[in-house]
Amino acid sequence: MKLFVRPINYAQVQTLIYHLPDGPALSLNIGGIGEFLDLELDLGHICDTSEIDGIVHFFPKGNA
């Protein structure tokens, strides 16, 4: 259980980068629909740099 998890402000997110287990990454432009997303932290790790560049990186389990 993670105690200090900062919630993601999806209003600032423009791009979601999903890092696939074999190495490549899938980039999704989610500008405007970010508030409808709900990423589960239990499914992998999230690197939120949305305050800097508007990007959230998602690393699924097995690739984190």
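The values are calculated or read from the model by the stated rules, or taken from the named source; none is laboratory data. Fair warning: this is a prediction, and the values are worked out from it, not measured in the lab. Using ideal geometry, Cβ is built from the backbone for each residue, glycine included, and neighbour counts are taken over all protein chains shown. The protein model used for the area step is the full one, side chains on, heavy atoms only, and it has no ligands, DNA or RNA in it. Shrake-Rupley method; radii C 1.70, N 1.55, O 1.52, S 1.80 Å.
Structure notes:
- Length available on full extension from Leu20 to Lys61: 0.36 nm per residue minus the Cα-Cα distance, which gives 13.8 nm.
- Thr15 - accessible surface, heavy atoms, 1.4 Å probe, Å² rounded to 10: 30
- Probe 1.4 Å, all protein chains present, accessible-area order of Tyr10, Tyr18, largest first: Tyr18, Tyr10
- Mean Cβ neighbour count within 10 Å, used as a protection proxy, ranking 50-56, 21-27 highest first: 50-56, 21-27
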